[in-house]
Structure formats: structure tokens, C-alpha cells
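Asks: One structure, pasted below without further comment.
Bear in mind these aren't lab numbers, they're just calculated from the coordinates by the rules spelled out. Every value quoted in this text rests on a predicted model; they were computed, and no experiment measured them. Backbone-built Cβ (ideal geometry, glycine too); neighbour counts: all protein chains shown.
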Amino acid sequence: MTAKATKQYEAMLAHYRWAAERRGFTVDPAQRPAVERLSRLAGELARPGLLVRRPPRHLYLWGPVGRGKSWLVDTFLDGLDVTRKRRLHFHDFFRRLHEGVATHTADAGREPAGERVAAVDRAVDELLGDCRVLVFDEFHAHDAGDAMLVARLFRTLLDRRITLVTTSNYPPAGLMPNPLYHHLFEPTIRLIEERMDAVEIAGAVDFRREQRPAAAGPADGVPQRFARGARLRTGDENGLHALGLTPPAAAEADEVVVHGRPLRASAVREGEAWFGFAELCEGLTSAADQLELAERFPTLVLTDVPPLAAATPDGRRRFADLVDVCCDRDVRLVLIGADPIDERAPDEGLLSDLDRTASRLALLGSA
Ligand SMILES: Nc1ncnc2c1ncn2[C@@H]1O[C@H](COP(=O)(O)OP(=O)(O)OP(=O)(O)O)[C@@H](O)[C@H]1O
Ligand SMILES: [Mg+2]
């Protein structure tokens with residue numbers, strides 16, 4: 001390593017110690033290999049003459065929920081002495097990519113498949129600009145549509161002078177767990193295995209569920225997300241009152257138009273919207289719709305939440321997406337009804353995502 005690289009490497013190690021201390025914890029032994037590898041990456045990114053050399057190898061951090069992967073990559077990005085750096089969340093990125101592809105395909109009229117690939121590349125160009133380090137948090141793939149886009153995306157990213165750092169709950173070989181589509185994704189898995197270094201983070205505890213007071217401690221440069229929402233039983237007026245919320249009056253029923261479609265809300269107020277589980281999770285909403293709501297309303301209240309075992313598989317998926325985007329955007333999510341996770345049903349390839357949901361819900365205060 002050059003002196004500059006060594007300096008950046010050591011600075012990043014120190015940054016991790018500092019960031020953990022600010023939150024009142026220490027780097028867990030299970031996190032140390034990732035801290036070491038990310039710090040080395042910080043050093044590699046500081047190498048002079050990077051323009052004429054190959055960019056450093058990409059990283060793929062994976063492991064069970066709540067082990068600190070997002071904290072590790074957020075802290076990395078925060079401490080990285082590089083200006084052209086970006087963090088994107090899976091759902092957000094996909095929504096923008098779909099929108100970009102739709103625009104470019106519409107521009108070009110009716111096009112053969114090759115043009116669609118070009119549209120993906122142009123959309124990726126627009127999204128990433130001249131970014132040099134891209135953190136892609138909570139990467140997963142579930143349907144055949146994802147397979148094509150993700151395949152193209154990874155080719156484009158890996159062929160560019162970008163260093164990609166992703167986090168996932170799945171090892172590369174376990175991506176796209178649905179056996180119907182898994183084979184569609186195998187070329188991408190091979191590409192990931194060839195071009196990315198996989199680092200597993202599998203400590204014994206889910207820090208969210210362990211609920212150390214430190215984990216919800218004071219915010220530093222890296223946001224502590226999702227600690228302001230709550231879970232309440234139906235009819236718990238005191239609980240609502242404590243949150244500064246008033247139950248909607250019948251006259252407040254309204255519509256929220258999302259991506260051109262009206263959604264029924266029981267109230268739409270300044271910075272706050274109330275929806276029933278049936279409308280938001282059992283209706284035909286997409287993760288992109290949930291994301292738009294999360295961007296528009298700092299507080300979202302979801303009423304009539306059933307135990308997830310009683311919801312449809314699609315309803316469970318949409319609920320998981322909603323919790324994901326609200327957590328990522330730090331929306332105050334208030335769930336009213338049953339404990340969603342109480343008696344959850346085993347599900348097709350979704351277990352890991354529902355684990356993620358359960359882990360995030362542990363951050364919400366309960367009645
Ligand atoms: N070493 C640690 N000790 C205690 N708490 C920690 C530690 N590392 C991270 N945390 C805290 O644990 C919580 C969960 O971390 P994080 O969100 O990064 O998990 P994750 O691995 O990304 O989970 P998921 O797979 O569900 O996205 C956060 O509040 C984070 O600040
Ligand atoms: Mg995470």
C-alpha cells in the first residue's frame with residue numbers, strides 16, 4: 001500500500017471505532033472482517049493513478065437481519081474521502097430504473113430487445129452520473145422482471161469504473177430463491193461470484209431485537225432509522241393520544257392519487273395519511289407506490305392490520321415492502337390492529353424477507 005492508502009485505511013478503521021462509540025456499542029467480532037475489508041477498500045480507493053488502473057474489487061456483504069450491514073456500509077460511505085459516492089436502496093433504485101427505462105423506451109418508439117437494453121443502460125447512466133462508489137443496500141431479487149433488469153444493471157455497473165458495495169440477506173447463490181425463476185438468475189449469480197468479494201456477517205444476535213438502549217441512541221452522521229413509530233391495538237385511544245394522533249372522523253375519508261391511481265384513505269392531513277391494510281397491502285399497489293407515499297407523508301398510519309398469517313402472500317409481500325421503505329426513509333409508521341408477526345405462515349421463498357420485517361418491527365414501540 002502507498003502511504004496515502006495506508007492513511008485512508010487507518011482513518012477508516014478509526015472512523016468505525018468512533019462511529020460505534022458514538023452509538024454506545026463496540027464493533028462486534030462478527031463485524032470485524034467486514035470492517036477490515038471496507039477499510040482496505042477505502043485505502044484502495046485512495047491509490048493515486050486510479051484512473052489508469054482497474055478499480056478495486058466490488059464487495060457483497062451478506063448475512064441475517066439486524067447484524068449491522070446497513071450500519072457498516074452507511075458508516076463506510078460517511079467516512080469515505082471520496083466526493084462522488086452514492087447510496088441507493090433497492091426499492092428506490094428499482095423504481096427509478098423502471099421509470100428511466102419506460103421514458104427511454106417511449107422516446108424510441110416500438111423497439112427491438114436490443115433497444116430495451118440500451119434504454120436500461122441510458123437509465124443507469126442517468127441514475128449514477130459520474131459516481132465512483134455506489135452502495136446498494138438491501139439487494140434482493142424475486143421475480144422474472146427483476147432478473148432481466150438486475151442482470152443488465154450488474155453488467156453495466158461491473159463494466160464501468162464504479163466500485164459497487166451491496167448488502168443482502170442472501171448469499172449470492174441464494175439470490176432469486178423462487179425455483180421457478182432461479183435459473184434465469186444463474187448467469188448474474190456467476191457474474192457476482194466472479195467479480196465481487198463476498199463477506200459474510202453472521203453474528204449470533206439481531207441487534208434490533210436485542211434492543212440494547214444503545215442501538216436507539218443519539219443520532220450521529222449516520223441515521224438511526226425507524227425508532228419513532230408504534231404498534232397499537234385497535235381502539236387504543238390513549239396510545240394514539242400519546243403519539244399526538246387523532247382517529248379520523250368519517251368526513252375525513254379522502255383519496256390519494258399515486259402513480260395516476262386513486263387510493264382510499266381514511267384521513268389525509270398535513271404530513272400524515274391513514275390507510276386500511278386492505279387498501280394498501282391487499283390492493284394492487286407496488287413497492288413504487290409505497291415509496292411515493294413514504295416520500296409524501298412523514299407519518300403513515302395503517303389500520304386493521306391482521307396477523308400476517310391471515311393475509312394473502314401478496315399482502316404479506318406488500319406489507320414487507322412497506323415496512324422496508326418506511327424504515328429506509330425513516331417514516332413514522334404506526335400500525336394499528338393485530339401483532340402482524342404473531343403467527344406468521346411459512347411462505348414461498350419469503351421467509352428471509354419476513355424475518356427482515358419482524359426485525360424492523362422490533363424497533364417500533366408497542367402498546
Ligand atoms: N456492534 C453493534 N452493537 C450493537 N448494535 C449494533 C452494532 N452494529 C449495528 N448495530 C445496530 O443494530 C441495528 C441493526 O443494524 P442494521 O440496520 O445495520 O442491520 P442490517 O444487517 O442492515 O439488517 P437487515 O438485514 O435487516 O437490513 C441498528 O440500529 C444498528 O445501529
Ligand atoms: Mg440493512
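Asks: What list of ³J(HN,Hα) values in whole Hz, one per residue of the stretch 151-160 in order, does the Karplus curve 6.51 cos²θ - 1.76 cosθ + 1.60 (θ = phi - 60°) give from phi, with Gly and Pro shown as x?
Replies: For the stretch 151-160, the Karplus-derived couplings read 4, 5, 4, 5, 4, 4, 5, 6, 7, 9 Hz, x marking Gly and Pro.
Asks: Per residue and in cubic angstrom, what volume does the convex hull of the Cα atoms of the chain have?
Replies: Working: hull volume 53.9 nm³, N = 367.
Per-residue hull volume (Cα only) is 147 Å³.
Asks: If you line up the long axis of helix 3-23 against the longest principal axis of the chain, both from Cα atoms, how many degrees apart are they, to the nearest 10?
Replies: Once rounded, one gets 20 degrees.
Asks: Mind pulling the per residue volume of the convex hull built on the Cα atoms of the stretch 3-208? Å³ is fine.
Replies: Working: hull volume 25.6 nm³, N = 206.
About 124 Å³ per residue, rounded to a whole number.
Asks: Can you give me the relative contact order of the stretch 3-208 as a percent, contacts being Cα pairs under 8 Å and 6 or more apart? Display every interim value, and only then the final one.
Replies: On the way: 284 pairs, mean separation 62.7, N = 206.
It rounds to 30 percent for the stretch 3-208.
Asks: Taking only C-alpha pairs under 8 Å that are 6+ residues apart, what is the relative contact order of the chain in percent?
Replies: Values: 587 pairs, mean separation 66.7, N = 367.
Answer for the chain is 18 percent.
Asks: Using 0.36 nm per residue, how much length does the chain from Glu255 to Glu126 gain when fully extended, once their Cα-Cα distance is taken away? Before the final figure, lay out each step's value.
Replies: Working: separation 129, 0.36 × 129 = 46.44 nm, distance 3.27 nm.
Value of the extension gain: 43.2 nm.
Asks: Same structure, new question: Over the chain, what is the percentage of antiparallel beta bridges among all DSSP beta bridges, to the nearest 5?
Replies: Values: 8 of 41 bridges.
Antiparallel bridges: around 20 percent, rounded to the nearest 5.
Asks: Show which aspartates and glutamates lie in cross-link reach of Lys4 when reach means a straight Cα distance below 19 angstrom and same-chain residues fewer than eight apart are skipped.
Replies: Result set, ordered by chain and number: Glu36, Glu44, Asp78, Asp81.
Asks: Please list 3J(HN,Hα) in residue order for the stretch 171-178, calculated via the Karplus relation 6.51 cos²θ - 1.76 cosθ + 1.60 where θ = phi - 60°; whole Hz, with x for glycine and proline.
Replies: Values per residue, Gly and Pro as x: x, x, 5, x, 5, 6, x, 4 Hz.
Asks: Relative to a virtual label point 7 Å from the Cα of Glu21 in the Cα→beta-carbon direction, which members of the stretch 77-91 show backbone nitrogen distances below 17 Å?
Replies: Once the point is set 7 Å along Cα→Cβ of Glu21, 79 turn out to lie under 17 Å by backbone N, inside the stretch 77-91.
Asks: Also: Going by alpha carbons, how many degrees (0 to 90, nearest 10) lie between the helix axis of 351-361 and the longest principal axis of the chain?
Replies: For helix 351-361, the angle is close to 70 degrees.
Asks: Multiplying the sequence separation of Thr83 and Arg296 by 0.36 nm and subtracting their Cα-Cα distance, what value in nm do you get?
Replies: Working: separation 213, 0.36 × 213 = 76.68 nm, distance 2.85 nm.
Full-extension gain reported as 73.8 nm.
Asks: Counting C-alpha atoms alone, how compact is the stretch 1-80: give Rg to one decimal and Dmax as a whole number, in angstrom.
Replies: Gyration radius and largest Cα-Cα distance of the stretch 1-80: 13.0, 42 Å.
Asks: Then there's this: Distance from a point 7 Å along Cα→Cβ of Lys7 to each backbone N in the stretch 145-171: keep the residues under 15 Å and list them by number.
Replies: none
Asks: Under the rule of -39500 (n - 2.57) per DSSP H run of 4 or more residues, summed and divided by the residues of the chain, what mean residue ellipticity at 222 nm is obtained, to the nearest 500 deg cm²/dmol?
Replies: Values: 13 runs with 163 residues, N = 367.
Helix-only estimate at 222 nm: -14000 deg cm²/dmol.
Asks: Excluding residues on the same chain fewer than 8 positions from Lys69, give the lysines whose Cα lies under 20 Å from its Cα.
Replies: Straight-distance partners of Lys69: Lys85.
Asks: Residues with amide H under 5 Å of Ala198's amide H, sequence separation 5 or more or different chain, H placed in the peptide plane at 1.01 Å from N; which?
Replies: Long-range HN contacts for Ala198: Tyr60.
Asks: With θ set to phi - 60°, apply the Karplus curve 6.51 cos²θ - 1.76 cosθ + 1.60 along the stretch 230-235 and write out the HN-Hα couplings as whole Hz, x wherever there is a Gly or Pro.
Replies: 7, 10, 10, 7, 4, x
Asks: With the crude spin-label approximation of a point 7 Å out along Cα→Cβ, what separation in nm comes out for Asp143 versus Thr312?
Replies: Going from the Asp143 label point to the Thr312 one covers 1.2 nm.
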